[in-house]
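The values are calculated or read from the model by the stated rules, or taken from the named source; none is laboratory data. Values in this document were obtained by computation on a predicted structure and should not be read as measured data. So basically every Cβ, Gly included, is an ideal-geometry build from the backbone, and we count neighbours across all protein chains shown. Calculation scope for accessible area: heavy atoms of the full protein, side chains included, ligands and nucleic acids excluded. Shrake-Rupley method; radii C 1.70, N 1.55, O 1.52, S 1.80 Å.
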Amino acid sequence: MSRGYRIRISDPNWRPVTYHDAARQVATTDAIELDVGMLEILPEGAMTALLREELAASGWSKGQDGGMSRKFGEVAVTLSPDGRTVTVRAAASKQVTARATSQEQANSRLDAAGKQAERDLAQEVARRLGAHEGEIRGELQAALQKVYAEALRQKAASMGQIESVHEGRGADGELELTIKVRV
């Protein structure tokens, strides 16, 4: 048969441990800038206006500064007001905390945790950008194709009377546009 015993030891020097907490917000942002180099089929302003129309038809919204923007998941994409560049931007933030028995130790742990969180967030932001870059480039390329086709139609109309327009795809999948103009 067994018996349970309870032993109580008193330590006059014992005090409860006080913990110190430290916290801060860590944030990171990364961006890719894409040049929108358009051929000058029409004057630059007309080409930019056609691009804005195509992007608006694809769901881009106009900004007060003359730029345009759209979200692709967690990535923000902005066309500059002059229409020459597209900026793809992603951001992330995280609250980092640390706890220790002294404030100095808590701050030291917070610095280490903050540096690790910054590295992790930078990788996450880069992953987000990479995940959407192909989709964004594809949408811009499709919009530019439509812009070029419309610009060629307008240019042909300015040269004379358009007799026929044939639009198709070549063997490589590229857009082929044939416009017959009576001069």
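Taken together, Glu74, Glu44, Glu54 contain a single residue that is touching a residue at least 40 places away in the same chain (Cβ under 8 Å), among the acidic types (Asp, Glu) and over 30 Å from Ala22 (Cβ atoms), which is Glu54.
From the list Leu51, Leu39, the lone residue that is modelled with pLDDT of 90 or more, closer than 30 Å to Leu140 by Cα and out of contact with any strand residue (DSSP E or B) (no Cβ under 6 Å at 6 or more places or on another chain) is Leu51.
A quick yes/no check of all residues on (1) of a type in the set (Lys, Arg); (2) touching a Gly at 6+ places or on another chain (Cβ under 9 Å); (3) over 24 Å from Glu54 (Cα atoms):
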| residue | (1), (2), (3) |
| --- | --- |
| Leu79 | no, yes, no |
| Val88 | no, no, no |
| Ser93 | no, no, yes |
| Thr97 | no, no, yes |
| Thr101 | no, no, yes |
| Gln105 | no, no, yes |
| Ser108 | no, no, yes |
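Considering only residues in region 136-183 that are among the hydroxyl-bearing types (Ser, Thr, Tyr) and assigned to a helix (DSSP H, G or I), the one that is modelled with the highest pLDDT turns out to be Tyr148.
One residue alone among Ala143, Ala149 is touching a Ser or Thr at 6+ places or on another chain (Cβ under 8 Å) and in contact (Cβ under 8 Å) with a residue 24 or more places away in the chain, and that residue is Ala143.
Cβ-Cβ distances below 9 Å connect no pair with a first residue in region 172-183 that is more than 10 Å from Ala157 (Cα to Cα) and of a type in the set (Lys, Arg), a second residue that is modelled with pLDDT under 85 and open to solvent by less than 50 Å² (accessible area, probe 1.4 Å), and a separation of six or more residues or different chains. For Leu79, the conditions (1) buried (at least 18 other Cβ atoms within 10 Å of the Cβ); (2) within 16 Å of Asp30 (Cα to Cα) all hold with the exception of (2).
Among the β-branched types (Val, Ile, Thr) and either in contact with a His (Cβ under 8 Å, 6 or more places away or on another chain) or surrounded by fewer than 18 Cβ atoms within 10 Å (Cβ to Cβ) (or both) - does that describe any residue in region 57-76? Checking region 57-76: at least one residue is among the β-branched types (Val, Ile, Thr) and either in contact with a His (Cβ under 8 Å, 6 or more places away or on another chain) or surrounded by fewer than 18 Cβ atoms within 10 Å (Cβ to Cβ) (or both). Residues that are farther than 19 Å from Gln154 by Cα, of a type in the set (A, V, I, L, M, F, W, C) and over 15 Å from the mean Cα position of the chain (by Cα) are absent from region 37-45 altogether.
Selection over region 100-129 of residues that are open to solvent by less than 50 Å² (accessible area, probe 1.4 Å) and either in contact with a Phe, Trp or Tyr (Cβ under 6 Å, 6 or more places away or on another chain) or not hydrophobic (A, V, I, L, M, F, W, C) (or both) gives a count of 3.
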